[in-house]
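A.B. asks: Pasting a structure here, questions to come.
Please treat every number below as a calculation from the coordinates, not as lab data. Computed from a predicted structure; not experimentally measured. Please note: Cβ atoms are built from the backbone with ideal geometry, for glycine as well, and neighbour counts cover all protein chains shown.
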Amino acid sequence: MIPKNNIIDLQNINNIETSKTYYINFGKEKIQNKIDELEAVKQAVYMILNTEKNAYTMYPLGYGTSLEKYIGKPYDYIIGDIDREIKESLLNDDRILDVYNFNFSRDKENILITFTVLTIFGEFGKEVVL
C-alpha cells in the first residue's frame, strides 16, 4: 500500500499476521520446509509447552509454561492447578481461542494430561507427560 500525501489509511491494513513458519523436525534435528495455519499452531503449542517460562532470555517474558514446579508434587495438587497453567500459557498465542477438555491419568511414574486446543484454523488434541 502506497500512502497518499504521507497519510496511511489504517482501516485497510490487515492486522492478521501470517502463521507461516519453518517446520522443525525434532526427531531428525532438522529444519525443513515451511508450514502454515493449523500445523504452525501445533508446532507453537509444542514449543510453548516444552519451554520453561522465563527461563531463557531469548524468549519474551511470559513465554512458555511453568511445568517444573509440578514435579514431585502430590497428584491432587497437580490436577487442581495445571490445567490453569497450561491454558494461560497457550492463550497468549492469538491464534488459540480456547484450551479445554482436560483429562488426567497416572501410573506409578507419570501423569498424563490430555486436552483439546481450539484455534482459528481448527482444533486438535494434545498431551503432556509429567
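A.B. asks: Give the range of the longest stretch in the chain that excludes all trypsin sites (Lys or Arg not before Pro) found in loop regions by DSSP and having at most 14 other beta-carbon atoms within 10 Å.
C.D. replies: Answer from the scan: 29-107.
A.B. asks: Please work out the Cα center distance from the range 37-60 to the range 106-130, rounded to the nearest Å.
C.D. replies: 15
A.B. asks: Can you give the convex hull volume per residue for the Cα atoms of the chain, as a whole number of Å³?
C.D. replies: 157
A.B. asks: Could you work out how far helix 37-49 tilts from the main Cα principal axis of the chain, as a 0 to 90 degree angle to the nearest 10?
C.D. replies: Compared with the principal axis, the helix lies near 50 degrees.
A.B. asks: Using only helices, what value at 222 nm comes out for the chain when you add -39,500 (n - 2.57) per DSSP H run of length 4 or more and divide by the total residues, to the nearest 500 deg cm²/dmol?
C.D. replies: Calculated from helices alone, the mean residue ellipticity at 222 nm is -7000 deg cm²/dmol.
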